[in-house]
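Below you'll find the structure, written out as structure tokens, and then a few comments.
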Amino acid sequence: MPRSRLSDRGFSTIEMLMVVAMIGTIAAISVPVMRDMTANIKLGEATRMVERELQNARLKSVSTNRAIRVRPNCPAAGYIRTVEVLGTSADNASNRCNPTAYPFPPPDDDVITRPNFDGPVSPIPNGATVTNDIFEFRPDGTVMQVVSGAPQPIATPISVTVTRESKSKTVTINGAGKVELVLPQ
């Protein structure tokens, strides 16, 4: 039985161009949405890192029975470091964030020489920045805000803002030491 010529026919050039044009249009519509979604994911990653640094400082303070400070923008914008409170002028020294002057891990294992509980200088991921609030966690789990080198009680929760490309997310912290990532409404 002979086959008809119509069954051997494929797609015409016009049909192929229409399909390619539709694919291009859908891709052009989805690129800004994907870019925005990627920016939100990167901001969320940076915010969670700051929140974890605050949580870890609180846990380290309670477990080691030492006061611990979290210093954002230390030694420069876009970095954060957890440092042990020494009770000396070194707590507010400009080189306190310098990993050469105060290395991580400490050069010795002697618990008498301090600091023993300084953390590494950690970059905040994806080029995000954070507000310049310094917090001091106490061994009883409470927290104080450090203003001009002196710890001050926190009466109302303080918002720590993490910003990336003109978008921001917030982490709140209260005097009892509760650290909470604020979810968008």
Non-local residues with an amide H under 5 Å from the amide H of Ile134, with H modelled 1.01 Å from N and Pro and chain starts lacking one, are Val146
Shape descriptors of the chain over alpha-carbon atoms, Rg and Dmax in angstrom, are 26.4, 100
Output ordering of 54-63, 21-30, 141-150 (per-residue mean of other Cβ within 10 Å, highest first) is 54-63, 141-150, 21-30
With Cα coordinates, the longest principal axis of the chain makes an angle with the long axis of helix 13-64, in degrees rounded to 10, of 10 degrees
Whole-Hz Karplus couplings 3J(HN,Hα) for the range 89-97, θ = phi - 60° and coefficients 6.51, -1.76, 1.60, Gly and Pro as x, run 5, 5, 4, 10, 5, 5, 8, 4, 8
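Any read-out appearing in this document is the output of simple, stated calculations on the displayed coordinates, not a laboratory observation. Just so it is clear, the structure is predicted and the values come from calculations on it, not from any experiment. So basically every Cβ, Gly included, is an ideal-geometry build from the backbone, and we count neighbours across all protein chains shown.
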